[in-house]
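Inspection log for the structure reproduced underneath, given as structure tokens.
The values are calculated or read from the model by the stated rules, or taken from the named source; none is laboratory data. Since the model is a prediction, treat every value here as computed from it, not as a measurement. Note that we place each Cβ from the backbone using ideal geometry, even for glycine, and neighbour counts take in every protein chain shown.
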Amino acid sequence: MARSPQETPFLPRTFDENDPNRSVSRIASHLFTNWNPGHGHLEVVPLPSTSHKQLYQLTYRRHIAFDQRTHHETALVKVHKLPLSNSQKQVFNIHKVLALHSLASPLLLTFLNGYAYGFVHGHACSSSIMSKESIWRAIAWEMAHWHVILPVSDAESGREVPDVWSKAREWLDILSAEGEKAKLEKEFEFLIERLRGRNTNKEQFVFGHGNLRPENIVWKGTHDEYSDEYQIDAIKFIDYEHCTYCPVAFELATYFSTWAGSECDYELLPAEKTRRAFIREYVDACALYSNSDSEDEIEVEGQEDAVEKLVQEVDEWRGFVGFYWGLFALLKATDTEVDSAIRHEHAKYSKLKFAEYYAWKEDDVTIAREGGQVHVVERERMGN
């Protein structure tokens, strides 16, 4: 049921989480093209939730006599606790923009405490397949598509837009762990000086996904189990909670770090050769997308300079990535509204990401030359 974001219907109703099946039946006609009350089977499955939102996967199956087939349609419903926060409104607006550019599934319906949208069919990636060349090359193209087609931001415009710096600042401001807060404030100031210095008016940001973990990347295609080869027809990014303006190097460094998975298995990190090849694929894709309406030849020499520049910038931004996600995980670990088991996992992850940051800051590669101990993430990179 594809429709432009501007035409998304609104129902002045509240989705009742105490009776989700009834709530879904009242909006189903807006979600499924084959909807016929009393015919077919509607399945409502709650997905893992947070303290602020609940996600439901809806599947409607109906046998159509005309073609003697069972048709099934799937949609997702995101329900927020009222009142809606500014960040929740931002995520919805981001989805609207992405859908307008066919980068996200269409919005189907909005209601007082949430909205419904199309389901992206395919297979979620996993840490075990991130290193497959056909997978990461397709990801490079989709990333470039995002960065070229979506509006960019720069400090000289004077517009107040959320970016990785303002997000980190916001997280620090609401952090309740006072002992950690003062220490992290100093580290944040260090990162600002190190990565931004006095040149903030020259920063240019792309609009990035911000959190390209394997489970947020869906691939369509085929997998030959005998050869373990993947034929990729399309790649789509899902989950737009962390979309923001950021330097390209931040998006790339974050993506590379996700190869290690939530358990931070650093042996899965991409080798230097692979990182460079991915960046070259990304730069090539950006050039082609940018010149799609032009007959001008793409300057290969300029592209090689761009590749080398990004390779260096990604190494510079690795530290901020560790700090950024360590800070976010720490925030979740100290949120009393979050389940204790989940808080524990966040606390564990926070320690790992901050360890990555400090390893970068202390330049353990130099320490290694002097016979010192090297953090495992740096050792893996050195070995690559």
Can you give me the number of residues within the stretch 117-128 that are of a type in the set (A, V, I, L, M, F, W, C), closer than 25 Å to residue 274 by Cα and surrounded by fewer than 18 Cβ atoms within 10 Å (Cβ to Cβ)?
1
Residue 67 being at pLDDT below 80 and loosely packed, with under 14 Cβ neighbours inside 10 Å:
yes
Are there any pairs, at least 6 apart or on different chains, whose C-beta atoms fall under 9 Å, with the first in the stretch 341-352 and closer than 20 Å to residue 181 by Cβ and the second outside any helix (DSSP H, G or I) and of a type in the set (Ser, Thr, Tyr), and if so, which?
343/334; 343/336; 346/334; 347/334; 349/262
Please work out if residue 105 is in the same structural domain as residue 289 (by TED's automatic domain parsing), within 21 Å of residue 211 (Cβ to Cβ), assigned to a loop (DSSP other than H, G, I, E, B) and modelled with pLDDT of 95 or more.
no
From (1) surrounded by fewer than 15 Cβ atoms within 10 Å (Cβ to Cβ); (2) within 20 Å of residue 118 (Cα to Cα), pick out the condition that doesn't hold for residue 32.
(1)
Among the residues of the stretch 196-204, are any within 21 Å of residue 124 (Cβ to Cβ), within 22 Å of the chain's Cα centre (by Cα) and not hydroxyl-bearing (Ser, Thr, Tyr)?
no
Would you confirm, using the coordinates I've provided, whether residue 374 is at pLDDT below 90, more than 30 Å from residue 273 (Cα to Cα), in contact with a helix residue (DSSP H, G or I) (Cβ under 7 Å, 6 or more places away or on another chain) and not basic (Lys, Arg)?
no
Could you tell me which numbered condition residue 176 fails, if it satisfies all but one of (1) surrounded by fewer than 13 Cβ atoms within 10 Å (Cβ to Cβ); (2) not in a loop (DSSP other than H, G, I, E, B)?
(2)
Subset of the stretch 341-365 [farther than 18 Å from residue 262 by Cα and of a type in the set (Ser, Thr, Tyr)]
358
